[in-house]
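**Student:** Here's a structure for you.
The values are calculated or read from the model by the stated rules, or taken from the named source; none is laboratory data. Keep in mind that this is a model prediction, so the values were computed, not measured. Cβ atoms come from the backbone with ideal geometry, glycine included; neighbour counts cover every protein chain shown.
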Amino acid sequence: MSSNHRRLVHDPEGFNSATWPLRQDQLVTPTDHFFTRSHAASPAVDPDTYRLEIDGLVERPAGLSLADLAAFSTREVSATLVCAGLRREEYLALGPLPGELPWGPEAISTGRWRGIPLADVVRSARVAPGARYVQFTGLDCVERQGRRFGFGGSIDLAKVDDVLLASELNGAPLPADHGFPLRTIVPGWIGARSVKWLGRITLAAEPSANYFQTRAYRVQREPDPTNPRDVSGGIALGEAPLNAVVLEPLRDQTVRAGAVRLRGWAMGSGGRAVTSVEVSPNGGVDWVPAEITIPGERWTWSLWEATLQVPRGRHVLAVRATDASGASMPPGVAETWNVKGYANNAWHRVTVQAE
């Protein structure tokens with residue numbers, strides 16, 4: 001890792017970390033710069049005894065070894081993984097978020113993933129009538145509310161054609177912290193649905209009942225007065241929202257007055273292309289078009305640059321983006337706030353001092 005980059009660690013165990021500043025010169029994130037997000041230690045998985053269990057509403061349940069999985073064809077997908085807590089720290093201006101990691105704009109990475117199309121595995125199991133969801137369960141061991149279980153979640157059955165069962169990241173086998181030997185990659189959705197250390201696929205009539213889908217990764221706008229951290233009444237997170245971030249200059253950086261170069265990333269929602277990126281020298285009063293310098297692929301971010309004239313003094317630089325649906329980013333965090341601080345896609349602002 002370059003000396004210009006450092007690793008931010010957000011928990012005592014070191015399960016949750018990211019490289020900062022993010023790389024701005026290439027679409028794909030080097031593997032050693034990838035962010036990590038886990039709720040327990042990476043399990044030690046023996047490749048010789050590993051089995052991927054396929055069950056539920058299927059006519060042909062199976063326990064597939066790595067040798068069995070090698071018989072399936074593979075493909076490569078470029079996809080950006082977005083932590084649901086990306087930019088959560090900006091919500092802290094409105095008040096504390098107890099128990100939540102204070103992620104900034106660093107919890108995002110883009111990889112080239114190779115693996116088996118989920119649709120091929122599902123077809124081989126022969127989906128039975130009534131199946132509407134695909135549930136995933138990992139081999140890790142998480143403890144919540146006095147129970148131990150694997151991290152899990154589900155997607156709509158209609159999404160399977162986009163999903164990969166990945167065994168490689170950036171041309172090499174998955175590292176342990178990224179899900180060895182197999183993980184799901186659900187392009188365009190929050191990272192929590194890309195379950196690592198995949199141990200079980202269940203076809204079902206209902207979404208996953210896993211704790212992390214029913215009680216954690218949900219957007220709830222109003223706190224429950226009897227249990228302020230409970231979000232079980234909220235809406236389960238799915239697609240990552242349209243978003244854009246200023247990566248250069250850094251927050252609170254001192255810059256030379258005059259022409260200041262801004263660089264960053266932007267990403268549409270649901271695989272939609274980013275159609276415009278704009279930057280502001282004064283917190284969103286005036287806007288200047290930015291140039292997309294490295295266009296992304298369908299499921300990735302794009303990288304952009306712009307130059308602003310910034311006089312001496314303290315200034316709030318901002319960025320906003322629009323995607324092909326016509327959607328735009330909301331101006332402030334008060335409009336996106338929720339109990340657990342997920343999916344912040346307000347205009348991203350960076351304060352700098354020009355001298």
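**Student:** Working carefully through the options 17, 38, 2, 42, find the one that is polar (S, T, N, Q) and either over 19 Å from residue 81 (Cα atoms) or at pLDDT below 95 (or both).
**Tutor:** 2
**Student:** Okay, next question. Find all pairs meeting these conditions: Cβ atoms under 6 angstrom apart; at least six residues apart or on different chains; first residue within the range 15-43 and at negative phi and without any contact (Cβ under 8 Å) to a residue 60 or more places away in the chain; second residue surrounded by fewer than 20 Cβ atoms within 10 Å (Cβ to Cβ) and among the β-branched types (Val, Ile, Thr).
**Tutor:** What qualifies is 17/9.
**Student:** Here is a follow-up. Checking the structure you have, find out if any residue of the range 67-78 is modelled with pLDDT of 95 or more and buried (at least 22 other Cβ atoms within 10 Å of the Cβ).
**Tutor:** No; the residues of the range 67-78 include none that is modelled with pLDDT of 95 or more and buried (at least 22 other Cβ atoms within 10 Å of the Cβ).
**Student:** When you scan the range 66-84, do you find a residue that is in a loop (DSSP other than H, G, I, E, B), within 30 Å of residue 304 (Cβ to Cβ) and not basic (Lys, Arg), even just one?
**Tutor:** Going through the range 66-84, the residues in a loop (DSSP other than H, G, I, E, B) turn out to be 70-74, 83-84.
Remaining after also requiring within 30 Å of residue 304 (Cβ to Cβ): 83-84.
Filter once more, so that each one left must be not basic (Lys, Arg): 83-84.
The answer is yes, given that some residue of the range 66-84 is in a loop (DSSP other than H, G, I, E, B), within 30 Å of residue 304 (Cβ to Cβ) and not basic (Lys, Arg).
**Student:** Something else: Hey, residue 53 hits all of (1) charged (D, E, K, R); (2) buried (at least 19 other Cβ atoms within 10 Å of the Cβ); (3) in contact with a strand residue (DSSP E or B) (Cβ under 6 Å, 6 or more places away or on another chain) but one; which does it fall short on?
**Tutor:** For residue 53, the failing item is (2).
**Student:** If residue 31 satisfies every condition in (1) buried (at least 18 other Cβ atoms within 10 Å of the Cβ); (2) under 17 Å from residue 194 (Cα atoms); (3) under 20 Å from the mean Cα position of the chain (by Cα); (4) not acidic (Asp, Glu) but one, which is the exception?
**Tutor:** The number of the failed condition is (1).
**Student:** OK, next. For residue 297, state whether it is touching a residue at least 24 places away in the same chain (Cβ under 8 Å), under 19 Å from the mean Cα position of the chain (by Cα) and over 18 Å from residue 87 (Cα atoms). Explain how you work it out, then say what you get.
**Tutor:** Working: touching a residue at least 24 places away in the same chain (Cβ under 8 Å): yes; under 19 Å from the mean Cα position of the chain (by Cα): yes; over 18 Å from residue 87 (Cα atoms): yes.
Taking the combined requirement at face value, the residue satisfies it.
**Student:** Is it the case that some residue within the range 217-225 is surrounded by 15 or more Cβ atoms within 10 Å (Cβ to Cβ) and in a strand (DSSP E or B)?
**Tutor:** Within the range 217-225 (the criterion being surrounded by 15 or more Cβ atoms within 10 Å (Cβ to Cβ) and in a strand (DSSP E or B)), the answer is yes, since at least one residue qualifies.
**Student:** Let me ask something else about it. Is there a residue in the range 206-215 that is part of a loop (DSSP other than H, G, I, E, B), surrounded by 13 or more Cβ atoms within 10 Å (Cβ to Cβ) and hydroxyl-bearing (Ser, Thr, Tyr)? Show your work before the answer.
**Tutor:** The initial filter retains those residues of the range 206-215 that are part of a loop (DSSP other than H, G, I, E, B), namely 206-210.
Checking which are surrounded by 13 or more Cβ atoms within 10 Å (Cβ to Cβ) leaves us with 207-208, 210.
Those still in the list that are hydroxyl-bearing (Ser, Thr, Tyr) too: 208.
Checked against the condition, which is being part of a loop (DSSP other than H, G, I, E, B), surrounded by 13 or more Cβ atoms within 10 Å (Cβ to Cβ) and hydroxyl-bearing (Ser, Thr, Tyr), the range 206-215 yields at least one hit.
**Student:** Could you grab me the full set of residues in the range 228-246 that are farther than 30 Å from residue 316 by Cα and at pLDDT 95 or above?
**Tutor:** 230, 231, 232, 233, 234, 235, 236, 237, 238, listed by residue number.
This table checks each residue for (1) more than 18 Å from residue 88 (Cβ to Cβ); (2) assigned to a strand (DSSP E or B).
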residue: 7; (1), (2): yes, yes
residue: 13; (1), (2): yes, no
residue: 18; (1), (2): no, yes
residue: 26; (1), (2): yes, no
residue: 29; (1), (2): yes, no
residue: 32; (1), (2): yes, no
residue: 38; (1), (2): no, no
residue: 43; (1), (2): yes, no
residue: 46; (1), (2): yes, no
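**Student:** Of all residues in the range 168-182 being assigned to a strand (DSSP E or B) and in contact (Cβ under 8 Å) with a residue 60 or more places away in the chain, which is farthest from residue 218 (Cα to Cα)?
**Tutor:** 172
**Student:** Just to be sure I understand the filter: pairs with C-beta atoms under 7 Å, separated by 6 or more residues or on different chains, first member in the range 56-70 and farther than 14 Å from residue 201 by Cα, second member at pLDDT 95 or above and not in a strand (DSSP E or B). Which pairs pass?
**Tutor:** Once the first residue is farther than 14 Å from residue 201 by Cα and sits in the range 56-70, its partners that are at pLDDT 95 or above and not in a strand (DSSP E or B) give 66/47; 66/50; 66/181.
**Student:** Restricted to the range 144-156, and to residues that are surrounded by 11 or more Cβ atoms within 10 Å (Cβ to Cβ) and over 20 Å from the mean Cα position of the chain (by Cα), which residue is modelled with the lowest pLDDT? Walk me through how you get there before you give the answer.
**Tutor:** Kept after step one, since they are surrounded by 11 or more Cβ atoms within 10 Å (Cβ to Cβ), are these residues of the range 144-156: 144, 149-156.
Filter once more, keeping what is over 20 Å from the mean Cα position of the chain (by Cα): 144, 149.
Working: 144: 95, 149: 98.
Among them, the one singled out is 144.
**Student:** Looking at (1) exposed (fewer than 13 other Cβ atoms within 10 Å of the Cβ); (2) touching a strand residue (DSSP E or B) at 6+ places or on another chain (Cβ under 6 Å), find the lone condition where residue 255 falls short.
**Tutor:** If we test residue 255 against (1) exposed (fewer than 13 other Cβ atoms within 10 Å of the Cβ); (2) touching a strand residue (DSSP E or B) at 6+ places or on another chain (Cβ under 6 Å), just (1) comes out false.
**Student:** Looking for something surrounded by fewer than 19 Cβ atoms within 10 Å (Cβ to Cβ), assigned to a strand (DSSP E or B) and touching a Leu at 6+ places or on another chain (Cβ under 9 Å) - is there at least one such residue anywhere in the range 268-289?
**Tutor:** The answer is yes; a qualifying residue exists.
**Student:** Within the range 341-353, does at least one residue satisfy the condition of being touching a Lys or Arg at 6+ places or on another chain (Cβ under 7 Å), buried (at least 21 other Cβ atoms within 10 Å of the Cβ) and among the aliphatic types (A, V, I, L, M)?
**Tutor:** Within the range 341-353 (the criterion being touching a Lys or Arg at 6+ places or on another chain (Cβ under 7 Å), buried (at least 21 other Cβ atoms within 10 Å of the Cβ) and among the aliphatic types (A, V, I, L, M)), the answer is yes, since at least one residue qualifies.
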